[in-house]
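The values are calculated or read from the model by the stated rules, or taken from the named source; none is laboratory data. Note that the coordinates shown come from a computational prediction; the quantities given were computed from them, not determined experimentally. FYI the Cβ positions are ideal-geometry reconstructions off the backbone, even for glycines, and counts take in every protein chain you see.
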Amino acid sequence: MDRSNKPSAIGVGASLPQPTLSIKDNVIEASLPSGQSVTVHLYGATVTSWKTNGKEQLFVSEKAHLDGSKPIRGGIPLVFPVFGPPPQNHATSSLPQHGFARNSNWEFLGKSSSEAPGRDGDQTDLTVKLDFGLSHSMLTEEFREAWPYEFGLVYSVTLTKDTLETALQVRNEGKQNFEFQTLMHTYLNIADISDIRIKNLESKTYVDKTLNATTHTESSPALAITQETDRVYQSLDPAVPIVVASAKDDQPLFSITREALNDVVVWNPWIEKAKGMADFGPDEAYKNMICVEAGSVSGWQTLEAGEAWEGAQSIKSRL
Ligand SMILES: O=P(O)(O)OC[C@H]1O[C@H](O)[C@H](O)[C@@H](O)[C@@H]1O
C-alpha cells in the first residue's frame, strides 16, 4: 500500500486523461480514466459504491437510509471509537453501538492524484485519493459530551485500477490519553453466499458472538457461511490476505490485506436477523453480502496526548 502523495507528473501540460471528481449533495464521487469509481457520503465518510469494470463491489441495502438519519446499512461504515455495544464503566459507555464516526457529518479535505508504476514497465497507473476529516468540534453536542476527548480523524479513500484502500489516522489533539477501537465494516457484494469460501482463517482464535461470546479455534481452511455468523478473529498477521474465494473455481473474488488492523470480523445476519433489521432489504439480500471487517477491536488502543495512530486495509477485487 503506497499512500505517499507523489504529485502527478503527467497532466501538467499533457493531454493524458485525469481522474474526475464530482461533489453533489454531500456525496463525493471520483473516477479513474480506466473506468473505476468510488462514491463516499460525507455522512459517516461512508464509502457507498466501488465499481470496477462497471461491476459494483460493495453491497448496500435497498432500504439503507441515505439522508443522515441513521448509519448507512452497507458500503463501508467506519466504526470508532468503540466496536459493538460499549462496555459499562468505560469512557465510551454513553456512546451508541459502534461509536459516532458512522453517524457524524465529516468534511471533505480534498482530492490528490498520484501515479503508481504500471504493470508493464513504462505504462503508468493513476490512483486517486480522497481525504475526509472529523474532529471533536464537528461532533453533535450529544456526542461531544459522551466522549469529551480532543481528537482528529483523517480518513483516506484511495482508488487504484484494481484496489480500494481505506486508511484511518487517529490523532490525540488533547491533553489526556484516550482509548479507542476502530473497524472498517466492509459489506462485500457477492452473487450468492453459498458460492463463497473465506480463506486464511484456519487455526486462528475467534470469539463467536452468536454463541455467548465464547472463544473457539477455526478448523476450516475455507470457511463456508451456512447460518448466522458473527465472529471476531483475533491477532491475525495483517500482511496475510483474508481471501473471499469462489467455491466453484477456488479463485479469489476479494483479497484483503491490512496494516495495524489485527482483528477481522466475519458477519452475515442470515434469514431471521436480516428480516429483523428495518433498514435491511430485500429480505433475501443476506445472500448477496458478506461483511469482512478489518479492525482493532479485541482490546483497546491507547493514544497518548499528541500521538497519532494509523490503520488501513487494501481490498483487491477480481476484475
Ligand atoms: O446493526 P449494526 O449496528 O450496524 O451492526 C451490525 C453488526 O456489526 C458487526 O459485524 C457486529 O459484529 C455485529 O454483531 C453487528 O450485528
Check: Does the stretch 81-96 hold any residues that are away from the ligand (no atom under 15 Å from the Cβ) and aliphatic (A, V, I, L, M), and which are they?
Finding: Ala91
Checklist line | Flag for Ser69 being assigned to a loop (DSSP other than H, G, I, E, B), within 15 Å of the ligand (Cβ to nearest atom), modelled with pLDDT of 95 or more and of a type in the set (Ser, Thr, Tyr) | finding: yes
Check: Residue check, Leu130 against (1) modelled with pLDDT of 95 or more; (2) over 17 Å from the mean Cα position of the chain (by Cα), all met but one. Which one?
Finding: (2)
Checklist line | Residue check for Thr182: touching a strand residue (DSSP E or B) at 6+ places or on another chain (Cβ under 6 Å), closer than 28 Å to Pro33 by Cα and assigned to a strand (DSSP E or B) | finding: no
Margin query: Condition first: within 20 Å of Arg231 (Cα to Cα) and in contact with a Lys or Arg (Cβ under 8 Å, 6 or more places away or on another chain). Now tell me which residues in the stretch 287-311 satisfy that.
Written below: Ala294
Notebook entry, point to check: Residues of the stretch 257-278 being crowded, with 17+ Cβ neighbours inside 10 Å and within 15 Å of the ligand (Cβ to nearest atom), which ones?
Noted result: Leu261, Asp263, Val264, Val265, Val266, Trp267, Asn268, Pro269, Trp270, Ala274
Next item on the list: Please go through the stretch 31-50 and pick out each residue that is within 25 Å of Glu115 (Cβ to Cβ), surrounded by 23 or more Cβ atoms within 10 Å (Cβ to Cβ) and β-branched (Val, Ile, Thr).
Entry: Val38, Val40, Val47
Checklist line | Residue tally, condition away from the ligand (no atom under 15 Å from the Cβ) and farther than 30 Å from Tyr155 by Cα, over the stretch 194-214 | finding: 4
Next item on the list: Could you tell me whether Ser219 is polar (S, T, N, Q) and without any contact (Cβ under 8 Å) to a residue 40 or more places away in the chain?
Entry: yes
Checklist line | Unique residue being within 30 Å of Gly110 (Cβ to Cβ), surrounded by fewer than 19 Cβ atoms within 10 Å (Cβ to Cβ) and out of contact with any Leu (no Cβ under 8 Å at 6 or more places or on another chain) when the list is Pro252, Pro221, Pro148 | finding: Pro148
Check: Are any of the residues in the stretch 243-265 of a type in the set (Gly, Ala, Ser) and under 26 Å from Leu211 (Cβ atoms)?
Finding: yes
